[in-house]
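Worksheet: one structure, shown below.
The values are calculated or read from the model by the stated rules, or taken from the named source; none is laboratory data. Everything quoted here is computed from the prediction, not taken from an experiment. Virtual Cβ from ideal backbone geometry, glycine too; neighbours counted across all protein chains shown. Quick note on the areas: whole protein, heavy atoms, side chains included, nothing else; ligands and nucleic acids left out. Shrake-Rupley method; radii C 1.70, N 1.55, O 1.52, S 1.80 Å.
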Amino acid sequence: EAEVAQSPRYKITEKSQAVAFWCDPISGHATLYWYRQILGQGPELLVQFQDESVVDDSQLPKDRFSAERLKGVDSTLKIQPAELGDSAMYLCASSLDPDTYYEQYFGPGTRLTVT
Amino acid sequence: AQSVAQPEDQVNVAEGNPLTVKCTYSVSGNPYLFWYVQYPNRGLQFLLKYITGDNLVKGSYGFEAEFNKSQTSFHLKKPSALVSDSALYFCAGDNQGGKLIFGQGTELSVKP
């Protein structure tokens, strides 16, 4: 069964450093999402792509976070500089279509710890 | 404001007993509602969804959920719990506006 791939699985970094996360969605899925999940809470959408275009980045802290999906396939989420409050699980998900009628398939996540 | 609430942080059930994980929503219009499950250090896995039609939705691993418009609820149920059902369960909703809103999660613990 096809899966969403993410790397790294775990990342420890010092505050003020830069970090980057990678996601490869299920083949053929045009819509890609990045979520942040703080311990004890549900995921919150950071950014949504349709192919290579950003559809929604209203919750992305743009002063330090950036995301790209240059060829409309895999995607990178970057944080620079990292802050202590960025410690969380970063989840990538993909779906066939942007309509939320379609269920989203999640990757295993990257757990970020900022020290 | 649109929201999805899971009123119980934790649910404890004995193996073989029925289980219910509660979810209520406050979403304008006709909502799409979902249940996802998360095992430790893993991403979320889709269980089932309600879009329209029959209020009782059947999903993966023997789970089902009942959409109740008058009570604005979408509770997850299973007739006979397994120890392997122990995990974190998330309810999510959308009003066809293009963004899923997740509840805070309910930890299900099934004891042998």
(request) Quote the charge dipole size of segment B:3-111 about the Cα centre in Debye, to the nearest 20; the model charges only the Cβ of Lys and Arg (+1) and of Asp and Glu (-1). (result) 140 debye
(request) For segment B:3-111, report the accessible area per residue in Å² (1.4 Å probe, heavy atoms, rounded to an integer). (result) 45 Å²
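So, with +1 on the Cβ of K and R and -1 on the Cβ of D and E, and no other charges, what is the size of the charge dipole of the protein assembly as shown about its Cα centre, to the nearest 20 debye? Please report the intermediate quantities before stating the final value.
Details: 19 positive and 26 negative charges, 77 e Å.
With only Lys, Arg, Asp and Glu charged at Cβ, the dipole is about 360 debye.
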(request) Would you kindly derive the ³J(HN,Hα) couplings of segment B:21-35 from the backbone phi angles with the Karplus curve 6.51 cos²θ - 1.76 cosθ + 1.60 (θ = phi - 60°), listing them in order in whole Hz, with x for Gly and Pro? (result) 10, 8, 8, 10, 10, 9, 10, 6, x, 8, x, 9, 10, 9, 10
(message) With just the Cα atoms defining each centre, how far is segment B:44-112 from segment A:74-115? Give it in Å.
(response) 22 Å
(message) If you take every residue apart from A:Tyr101 with its C-beta less than 14 Å away from the C-beta of A:Tyr101, what net charge results, scoring Lys and Arg +1 and Asp and Glu -1?
(response) -2
(message) List the trypsin sites (Lys or Arg not before Pro) within segment A:37-109 that DSSP assigns to loop and that have no more than 15 neighbouring Cβ atoms inside 10 Å.
(response) A:Lys62, A:Arg64, A:Lys71
(request) Could you point to the residue in B:Val13, A:Ala5, A:Pro25 farthest towards the positive end of the protein assembly as shown's charge dipole, with +1 and -1 charges on the Cβ of Lys/Arg and Asp/Glu respectively? (result) B:Val13
(request) Could you do me a favour and compute the accessible area per residue for segment A:13-98, 1.4 Å probe, result in Å²? (result) 47 Å²
(request) Please report, to two decimal places, log10 I(q)/I(0) for chain B at q = 0.10, 0.11, 0.15, 0.21 Å⁻¹ as given by the Debye formula with identical point scatterers on the Cα atoms and no solvent. (result) -0.26, -0.31, -0.58, -1.12
(request) At a Cα cut-off below 17 Å, give the aspartates and glutamates reachable from B:Lys49, other chains included and same-chain residues fewer than 8 away excluded. (result) A:Asp97, A:Asp99, A:Glu103, B:Glu64, B:Glu66, B:Asp94
(message) Show me you know the interface measure: the accessible area buried between A and B, both chains summed, probe 1.4 Å, in Å² to the nearest 100.
(response) 1700 Å²
(request) Could you work out the mean count of beta carbons from other protein chains within 10 Å of each residue's beta carbon in A:105-112? (result) 3
(message) Averaged over its residues, how many other protein chain Cβ atoms are within 10 Å of peptide B:84-92's Cβ atoms?
(response) 1
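Please compute the average number of Cβ atoms from other chains found within 10 Å of each residue's Cβ in peptide B:42-52. Can you show the working numbers first?
Values: counts 6, 16, 11, 3, 6, 1, 1, 4, 0, 3, 1.
Mean partner-chain Cβ count within 10 Å for B:42-52: 5.
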